Structure formats: C-alpha cells, structure tokens
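**Q** Structure in structure tokens, see below.
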Amino acid sequence: MTNPLRPHGQNRSPLPPAQSSADGVPSPRTPQSQREPAPPRAAAGSKPGAKQRDAFFDNAKYLAIVLVAVAHSWEPLKGDSRILEAMYTVVYSFHMPAFIIISGYFSRSFDMRADRLKRLITGVVVPYVLFETAYSLFKRYFDHSPGQEISLLDPWYLTWFLCALFVWRMTTPIWKMVRWPLPLALGIAMLASASPEIGDDLDLQRVLQFLPFFVLGLCMKPEHFKLVRRRSMRIASVPVVAAALVVGWWAVPRMNTSWFYHRDAAQEMAAPWWSGPVMVLALFGCSLLLTACFFAWVPGRRMWFTALGAGTLYGYLLHGFLIKGGDFWGWFDHAWMERPLGEIFVSALAAAAVTLLCTAPVRRVFRFAMEPTMDWAFKRDAAELARGREKNDKKNETGVREREKVSA
C-alpha cells in the first residue's frame, strides 16, 4: 500500500487542491460551485486565475463600516439632540448585525484544519493582542488615565469584536453539527441577558448576545441574499426605515440606549431579569428587519468603493484612534458642531476618514499588525509540503518531455 504523500511516478494519488483559509473577517469570495461562468475576457488589471470577489459583499462591508464610523462620531455630539439620538439608535440596531451576519456567512467552510487555524491566529488573535495593547496605552497617556491597565481579558472599545470573532469562529463546527443552531444560539443569548454573573471577561455578554447573528450567517445561503435584493424589497424597505426612525424618535426618552450595545445583563441596567430575554428577541427581530432593508439597498455591481470592502477590518480598528483622540483632545467640544451643519460636517468627515483607512496604501503600512505571515512561528503542513513536491515533479516531467521533443 502506497503512501499518498510520497511521490511514486505517474501512479500516485492526487492531493486535494490547496484552499485559502478564511481571514479574521473573511474575504467575500463566492464558492466555486456557486459562481457564474467567467466572462470571456478578464477584467482589466486582474491576474489570470485570480479568485473573483463578490461585489455585493464587498459593498455591504464597506457601507456597514462607514455607518459604524459615523455612528461613533455621533456619540460625543448627540447630547440632548432627540433627532440625532433617534438616528443613532436606528443605525446601532443593524450596522454591527449586518457585519456579523456577513462574517458568519463566510465562516461556513471553517474547520479545524491547520492552515485555517493559522489564519485565525494571525488574522484575529495577533491583531487583538496588538490593538488591545495599543488602545490601552492610547487611553492611558492621551486621556491621562494612569489607571488604565493592559488586560487581554477585558477588551476596551473596538477590540471586543476580534475577541468575539475568535470565539464564534472556533465554535463554528458545533453550530454546523447541531440540529437547530439558530434557536439554540437565541436561547444562549437570552440566558446571558439575564445573567450578570458572566462579568466583563472577554466581553462575554456581547459575545453571547450577538451570537445569533453569526449563527444566522452560518445558516444562510446565496438565495437568501438574492431574496432581499429584489426590487420589491427595495421599495418596501423605504417605509420600514421611515417607520423605524419615527419609532426611534418616540423611544428616545422612554428607552435605555444601552440595550443596543448588548454588553450588559438586564439587572445591570436596573431592569427586571425577565426583560433581558424579551429584549433579546425583540431587538433580534428589529435588527434582522433593518439589516434586510440595508442589504436590499446595497448595490450588487462594482462601484468605486467596492475594492475598499477588502480593507474594512483596517478601517474598523484604526478609526477608533481618531474618534477617541478627538474626544480626548476636545475636538467635539465646539458649540457649532452640535448644530445641524456641524453634525453633517462631522458625519462626512468620519465617512471620509474610514474610507481612507480602508485603502490599499494604509493596508500596506499596517499589514504587519493586521495580516502578519508569521511563518517562523508555525510548522509546515505536511499536505502543503507534499503539494509543493508534486508541483516540482510536474515541472520536472514537463521539462523532460520538452527536451525529448527537441532531441527528437
């Protein structure tokens, strides 16, 4: 019996094709079996054989990260503004759920294969350690907060998402195995919302309360996204969003905005324990409805910002330094910024800043922190080595045939 990892001339068994593992926030590449036939000519500037990205998901990721940055810029400004608070509430109800659903959708193929675990470590764990340290030092020295400690167990500001993404991704095989993954995830989120004993370690409240959106993404199929992108859905989304803004305006003096952060149990917000599970279900339904409206308006064709969708994690982690820096240094304290024109100016500035942070030059500068290769830290995978030998053998065989033809 032959070993398939050792070459035996023409009779050896072919190795499985190399597959690119998912990043921390997976690249939106349509699976091979779901792709449409390639056009006769490749797009200008594209490399032959390069994997095609789905423009819809790149567009959705970019637009979602713009909304994240804009909503963060509203936090120091909203004050007593009921209108801005209402808009803030509506945006907060769906911008992260949309991002998390996409992350779950492109985690469907994740397993415990060595190369995928390596990409998870280099694309999520390493950036979490670096940015959690950087944000803690930033707050300590620029906000004059000597008590701010560097603790990898207590994510500060934006780094909770990396911590959550790691936990969600590692549990993906479990959700693919159980019979009813979404009801189970909702049950866990409901129990977490009534359990203040969970504490702040690893921001587990957020990890568990946002879990249903990730599991929903795991359960979704391409036809589900096509369903919400129909023209009828785009038309129907207009009155739905308008109604959400009205409800948000009505709810401002009647509801605690902290419910939308999903970072506290009900008791920690001075609410009865039973309100936690009720709010989890209610907000899940509202978030899902508004996320569907958001997806309905995301263009499916290539736009000027489509390429920026590959750098949204850069924009997410880096824009926090601008928002928090502006808060520390009093940039938002000017009275004119709390007026409508000032709020529009800050919103446009935040959108432009996060757009620049998603561009290729910024990604090249910060790739050492966001996508380090770290080959020195990992053993070479046996299958990868065997594929390399097989490739070299084929090259040698081709060279021999060409020389034989020339000599003949």
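The values are calculated or read from the model by the stated rules, or taken from the named source; none is laboratory data. None of the values given here were measured: they were computed from a predicted structure. Heads up, the Cβs are rebuilt from the backbone with ideal geometry, glycines too, and the neighbour counts pull from every protein chain shown.
**Q** Could you please give the count of residues in segment 158-201 that are touching a helix residue (DSSP H, G or I) at 6+ places or on another chain (Cβ under 8 Å), surrounded by fewer than 17 Cβ atoms within 10 Å (Cβ to Cβ) and not in a helix (DSSP H, G or I)?
**A** 1
**Q** Here's something else I'd like to know. Would you call Q205 in the same structural domain as S258 (by TED's automatic domain parsing) and outside any helix (DSSP H, G or I)?
**A** no
**Q** I've got another one for you. Taking W273 and the conditions (1) surrounded by fewer than 18 Cβ atoms within 10 Å (Cβ to Cβ); (2) part of a helix (DSSP H, G or I), which numbered condition does it fall short on, given that it satisfies the others?
**A** (2)
**Q** Given (1) surrounded by 13 or more Cβ atoms within 10 Å (Cβ to Cβ); (2) assigned to a helix (DSSP H, G or I); (3) not aromatic (F, W, Y), where does S232 come up short, assuming only one miss?
**A** (1)
**Q** Additional query: Of the conditions (1) touching a helix residue (DSSP H, G or I) at 6+ places or on another chain (Cβ under 8 Å); (2) at pLDDT 90 or above, V247 clears all except one; give me its number.
**A** All conditions are met except number (1).
**Q** Yes or no: D80 modelled with pLDDT under 90, among the acidic types (D, E), out of contact with any Leu (no Cβ under 9 Å at 6 or more places or on another chain) and not in a helix (DSSP H, G or I)?
**A** The answer is yes for D80.
**Q** Moving on to the next point. One residue is enough: does segment 164-174 have a residue meeting the conditions aliphatic (A, V, I, L, M) and either more than 21 Å from the chain's Cα centre (by Cα) or closer than 14 Å to G276 by Cα (or both)?
**A** No: zero hits.
**Q** Determine which single condition E371 fails, assuming it passes every other condition in (1) out of contact with any Gly (no Cβ under 8 Å at 6 or more places or on another chain); (2) closer than 29 Å to Y135 by Cβ.
**A** Of everything listed in (1) out of contact with any Gly (no Cβ under 8 Å at 6 or more places or on another chain); (2) closer than 29 Å to Y135 by Cβ, E371 misses just condition (1).
**Q** While we're on this one: Step by step: first the residues of segment 338-350, then only those that are buried (at least 18 other Cβ atoms within 10 Å of the Cβ) and of a type in the set (A, V, I, L, M, F, W, C), then the one that is farthest from the chain's Cα centre (by Cα). Which residue is that?
**A** The residue in question is V346.
**Q** Answer with yes or no whether R301 is modelled with pLDDT under 95 and exposed (fewer than 15 other Cβ atoms within 10 Å of the Cβ).
**A** Here the answer is yes, as R301 does meet what is asked.
**Q** If you don't mind, there's one more thing I want to ask. Could you tell me how many of the residues in segment 336-370 are in contact with a helix residue (DSSP H, G or I) (Cβ under 6 Å, 6 or more places away or on another chain) and not in a helix (DSSP H, G or I)?
**A** 1
**Q** Within segment 246-261, does at least one residue satisfy the condition of being assigned by TED's automatic domain parsing to the domain that holds V298 and touching a Phe, Trp or Tyr at 6+ places or on another chain (Cβ under 6 Å)?
**A** Yes, that holds for at least one residue.
**Q** Turning to a different aspect of this structure: Being touching a Phe, Trp or Tyr at 6+ places or on another chain (Cβ under 8 Å), closer than 20 Å to L218 by Cα and not small (G, A, S) is the filter; apply it to segment 107-136 and report the residue that is surrounded by the fewest Cβ atoms within 10 Å (Cβ to Cβ).
**A** Here the answer is R116.
**Q** On to the next question. Look at segment 83-103 and say how many of its residues are among the charged types (D, E, K, R) and either at pLDDT below 90 or in contact with an Asp or Glu (Cβ under 8 Å, 6 or more places away or on another chain) (or both).
**A** 0
**Q** Assess whether G320 counts as being assigned to a helix (DSSP H, G or I), surrounded by 14 or more Cβ atoms within 10 Å (Cβ to Cβ) and over 26 Å from the mean Cα position of the chain (by Cα).
**A** Judged against the criteria, G320 is not a match.
**Q** Same structure again: Can F166 be described as assigned by TED's automatic domain parsing to the domain that holds F225, in contact with a Gly (Cβ under 7 Å, 6 or more places away or on another chain) and at negative phi?
**A** Judged against the criteria, F166 is not a match.
**Q** Can I ask one more? Being in contact with a helix residue (DSSP H, G or I) (Cβ under 9 Å, 6 or more places away or on another chain) and free of Cβ contacts under 8 Å to residues at least 60 places away in the same chain narrows it down to one residue among P155, P127; which is it?
**A** The unique qualifying residue is P155.
**Q** Residues being out of contact with any Ser or Thr (no Cβ under 9 Å at 6 or more places or on another chain) and surrounded by fewer than 20 Cβ atoms within 10 Å (Cβ to Cβ): count how many of those fall in segment 202-227.
**A** So the count comes out to 9.
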